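The values are calculated or read from the model by the stated rules, or taken from the named source; none is laboratory data. Model, not experiment: these values are computed from the prediction. Ideal geometry is used to build each Cβ from the backbone, glycine not excepted, and the neighbour counts take in all protein chains shown. Surface accessibility is based on the protein's heavy atoms, side chains included, excluding ligands, DNA and RNA. Shrake-Rupley method; radii C 1.70, N 1.55, O 1.52, S 1.80 Å.
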Amino acid sequence: MLLKTFGWSFAVTALGLVAAVFYGGWAAFGVVAILSVLEISLSFDNAVVNAGILKKMNAFWQKIFLTIGILIAVFGMRLVFPVVIVAISASLGPIEAVDLALTDKDRYQELVTDAHPSIAAFGGMFLLMIFLDFIFEDRDIKWLGWLERPLAKLGKVDMLSVCIALIVLLVSSITFGAHAHQHGGTHADKAETVLLAGIAGLITYLVVGGLSGYFEDKLEEEEREHEAEEAAERVGKPKSAVRLAGKAAFFMFLYLEVLDASFSFDGVIGAFAITNDIVLMALGLGIGAMYVRSLTVYLVREGTLDDYVYLEHGAHYAIGALAALLLVTIQYEINEFITGMIGVVLIGASFWSSVRRNKQLAAAGGESEGEETEAVPTA
């Protein structure tokens, strides 16, 4: 099972490290290895959240996620995306941007860093909406009940997540503009761009997440009707159900890709602290992205989220922390080690709480399935 799930990741690791040696010697080998670890540490929460979505999809779409999805993740976000950002920021053509990345690496890094406020605003808003919608939803299983119960009651207010996100974005853009003008920085005229990028991130979440949720709900409704018809020995509608499943799976796949893109922003920007060589960056971050993909599928096939019920909570809290950090990095620099460790600590704590819960349930003598939905207090 382990080899089957991680086989491609192991193969890509070997090929990537060998390519690094041929490209730049053992120094390049070390850089690629460090970047791979950086990407995995920053994106572990991404894998947990992805798994919660991917488990709703059939085996075919899981394969699509591992094939086409990984091509988008590795070549699209880790290689093409930085070049596109440079092309837009510097008003260059695609070929000129690639040439700049290969021949003038310092200038290339400068342009990508200059575009960071807008990138952080887009990704931060997208991730913030994921976190807010999660904590404002009333769930049977609660990890931090003292916090999640009152938030679930607040969540009954319509559009509360959107209102909070817009307030956060407005404050971020205003303080960014004031800070830049006060210090005479190069971003003094970019507060409006940050605001627009944040709104774009919010709209992207609402459109993609809304469509995937709509088709998922339609699919579940169709499945319930189909089961009722079968029970009454009536003729079902398998074609309609399959068609809806395809639409639902497609938009959920699209949602996953946008989610992965938002997670990758901090990894791409953080990689410049290690190297400004676009080839080494693509190799290192690409290897890390492969492991995140494989880990996602492993969590789904092993049913880990069902066994350790607080993992998804921990991952979403890590998403909230990452969203906050991205918005803070619009005007302040934060070490990537801090970003990665916050996610690791939160997920580790949720895993430990899940283990404690399972032990307590086992000691109680085997709870019924309905009773197991009540979380054992851990905080």
Could you give every pair whose Cβ atoms fall below 9 Å, whose first residue belongs to region 97-113 and is over 17 Å from M77 (Cα atoms), and whose second residue is open to solvent by 90 Å² or more (accessible area, probe 1.4 Å), counting only separations of at least 6 or pairs across chains? L100/R107
Are any residues in region 61-78 touching a residue at least 12 places away in the same chain (Cβ under 8 Å) and either among the charged types (D, E, K, R) or open to solvent by 60 Å² or more (accessible area, probe 1.4 Å) (or both), and if so, which ones? I72, F75, R78
Scanning region 30-43 for residues that are surrounded by fewer than 19 Cβ atoms within 10 Å (Cβ to Cβ) and either among the hydrophobic types (A, V, I, L, M, F, W, C) or under 14 Å from M290 (Cα atoms) (or both) gives A33, I34, V37, S41
Only one of (1) in contact with a helix residue (DSSP H, G or I) (Cβ under 8 Å, 6 or more places away or on another chain); (2) open to solvent by 20 Å² or more (accessible area, probe 1.4 Å) fails for A289. Which number is that? (2)
Please go through region 20-48 and give me each residue that is at pLDDT 80 or above, among the aliphatic types (A, V, I, L, M) and more than 11 Å from G284 (Cα to Cα), ordered by number. V21, A27, A47, V48
What pairs come up if the first residue lies in region 148-172 and is part of a loop (DSSP other than H, G, I, E, B), the second is not charged (D, E, K, R), and their beta carbons are under 7 Å apart, counting only those six or more places apart or on different chains? G155/F136
With surrounded by fewer than 22 Cβ atoms within 10 Å (Cβ to Cβ), in contact with a helix residue (DSSP H, G or I) (Cβ under 8 Å, 6 or more places away or on another chain) and at pLDDT 80 or above as the only criterion, which of L295, L254 stands out? L254
Inside region 337-367, can you point out the residues that are in a loop (DSSP other than H, G, I, E, B) and within 21 Å of L325 (Cβ to Cβ)? none
Region 298-318, subset assigned to a helix (DSSP H, G or I) and of a type in the set (A, V, I, L, M, F, W, C), residue surrounded by the fewest Cβ atoms within 10 Å (Cβ to Cβ): L305
Is it the case that region 329-348 has a residue that's open to solvent by less than 40 Å² (accessible area, probe 1.4 Å), among the hydrophobic types (A, V, I, L, M, F, W, C), at pLDDT 85 or above and closer than 16 Å to S41 by Cβ? yes
Scanning region 124-146 for residues that are over 25 Å from S43 (Cβ atoms) and touching a residue at least 24 places away in the same chain (Cβ under 8 Å), the one surrounded by the most Cβ atoms within 10 Å (Cβ to Cβ) turns out to be K142
Using beta carbons and a limit of 7 Å, which pairs, at least six apart or on different chains, have the first residue in region 82-93 and within 18 Å of S262 (Cβ to Cβ) and the second one assigned to a loop (DSSP other than H, G, I, E, B)? I85/A115
Sort through I141, I135, I130 and tell me the only one that's modelled with pLDDT of 90 or more and of a type in the set (V, I, T). I135
Enumerate the pairs (first residue in region 282-308 and farther than 14 Å from F75 by Cβ; second residue anywhere and among the aromatic types (F, W, Y)) with beta-carbon separation below 6 Å, excluding pairs fewer than 6 apart on the same chain, so at least 6 apart or on different chains. S294/F6; Y308/F351
Please list, ordered by first then second residue, the pairs with beta carbon atoms under 7 Å, 6 or more apart or interchain, first in region 317-342 and under 15 Å from S264 (Cβ atoms), second open to solvent by 20 Å² or more (accessible area, probe 1.4 Å) and polar (S, T, N, Q). L322/T339; L325/T339; G340/S41
